[in-house]
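Trainee: Below is the structure I would like to discuss, written out as structure tokens.
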Amino acid sequence: KSTLPVVISTWDFGIAANAGAWAVLSKGGRALDAVEAGVKIPEADMKNHTVGRAGYPDRDGFVTLDACIMDEFGNCGSVAAMEDIAHPISVARMVMEKTPHVMLVGDGARQFAIENGMKKEHLLTPESEKEWKKWLKKAEYKPVMNIENQMPGSKYNHDTIGMLALDSKGNISGACTTSGMAFKMHGRVGDSPIIGAGLYVDNEVGGATSTGVGEEVIRNVGSFLVVELMRRGYSPEDACREAVNRIIKKKPQTAKEIQVGFLAINKKGEYGAYAIQKGFSFAVCNKEKQDLLIKGKSFY
Ligand code: SD4
């Protein structure tokens with residue numbers, strides 16, 4: 001349970017991202033502005049290889065980014081498999097606000113971003129390129145569980161950032177952004193830019209977001225499921241646990257080998273999380289404490 005305003009986000013790099021959101025929320029700003037400002041921090045972080053600039057490329061060497069955003073009115077915008085633009089979350093917001101559409105992908109998303117003043121940049125850093133070349137030697141695609149603990153220079157290597165905020169008026173918005181699974185197939189899109197899978201908010205109920213192997217989240221329409229369970233009276237943690245259980249029940253063998261984590265908040269500011277595997281954490285920021293990190297519970 002938390003006082004308003006409040007912002008929560010996935011993984012320990014969520015602490016820095018929450019600080020960006022808090023700068024907006026603490027001044028009475030809108031949740032939508034807060035989540036955009038917040039997730040732009042890991043998007044810009046050169047040490048973070050799973051979100052935005054400096055993200056790991058796909059197996060053909062292209063950094064392709066996925067992001068989506070959703071506000072208290074149910075407006076949403078999304079970009080997928082977009083190259084050369086460092087802040088996909090801002091492009092997703094422009095899709096939401098400036099077009100009649102919800103989702104733009106690939107070249108069309110990049111073209112729209114550039115037409116709207118975003119800078120074209122080379123996003124593959126020498127460090128990420130080196131990791132990719134190392135990977136190419138075996139070219140074995142096996143998503144790494146809790147990648148943040150296992151990659152070299154580990155402190156800043158994390159997965160997707162999903163963020164949910166309630167502003168001082170009690171309105172909710174959410175954002176989700178990622179470079180997707182490292183060394184994925186070219187053109188692969190995960191759950192993160194898909195409304196209902198990687199992110200969902202409903203101003204009557206609350207919001208949810210996810211991280212981990214996106215395929216399993218898409219199959220179960222994970223974030224929408226979590227929100228609908230909260231609508232039926234589940235606490236945020238119980239709703240996240242039920243969504244995780246669904247994934248495990250459908251594919252028990254797969255579930256043993258992968259990580260998926262859900263994070264949720266309801267309109268009262270109560271929050272919770274649940275993951276398949278140990279190692280998932282989330283960051284919470286409100287008036288009382290700005291850098292709280294909570295270990296998510298897990299099935300295994
Ligand atoms: C995806 N959910 O593209 C994202 C990536 C992620 O751990 O969170 N990886 O499937």
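Residues are listed down the side, and each one gets a yes or a no for (1) among the aromatic types (Phe, Trp, Tyr); (2) near the ligand (Cβ under 10 Å from one of its atoms); (3) over 15 Å from Met163 (Cα atoms); (4) at pLDDT below 95:
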{"position": "Lys184", "(1), (2), (3), (4)": "no, yes, yes, yes"}
{"position": "Pro193", "(1), (2), (3), (4)": "no, yes, no, no"}
{"position": "Ser210", "(1), (2), (3), (4)": "no, yes, no, no"}
{"position": "Met230", "(1), (2), (3), (4)": "no, no, yes, no"}
{"position": "Val244", "(1), (2), (3), (4)": "no, no, yes, no"}
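Trainee: Here is a follow-up. Among the residues of the range 163-180, write down those that are in a strand (DSSP E or B) and more than 8 Å from the ligand (Cβ to nearest atom).
Mentor: Pass one, the range 163-180, residues in a strand (DSSP E or B): 163-166, 172-178.
Met163, Leu164, Ala165, Leu166, Ile172, Ser173, Gly174, Ala175, Cys176, Thr177, listed by residue number.
Every residue, every condition in (1) out of contact with any Asp or Glu (no Cβ under 7 Å at 6 or more places or on another chain); (2) farther than 25 Å from Ile258 by Cα, yes or no:
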site	(1), (2)
Thr50	no, no
Gly61	yes, no
Glu72	yes, yes
Leu104	yes, yes
Arg110	no, yes
Ser128	yes, no
Lys133	yes, no
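Trainee: Would you list the helices (runs of 4 or more DSSP H) that sit entirely within the range 184-287 and hold 1 or more residues that are crowded, with 24+ Cβ neighbours inside 10 Å?
Mentor: Counting at least 1 such residues, we get 214-219, 222-231, 236-250.
Trainee: Restricting the search to the range 78-92, which residues are hydrophobic (A, V, I, L, M, F, W, C), without any contact (Cβ under 8 Å) to a residue 60 or more places away in the chain and assigned to a helix (DSSP H, G or I)?
Mentor: Correct list: Val91 only.
Okay, residues lined up against (1) within 13 Å of the ligand (Cβ to nearest atom); (2) outside any helix (DSSP H, G or I):
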residue	(1), (2)
Gly38	no, no
Pro42	yes, no
Ala54	no, yes
Asp60	no, yes
Asp66	yes, yes
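The values are calculated or read from the model by the stated rules, or taken from the named source; none is laboratory data. Since we're looking at a predicted model, the values are computed, not measured. Don't worry about glycine lacking a Cβ; one is built from the backbone with ideal geometry, like all the others, and counts go over all protein chains shown.
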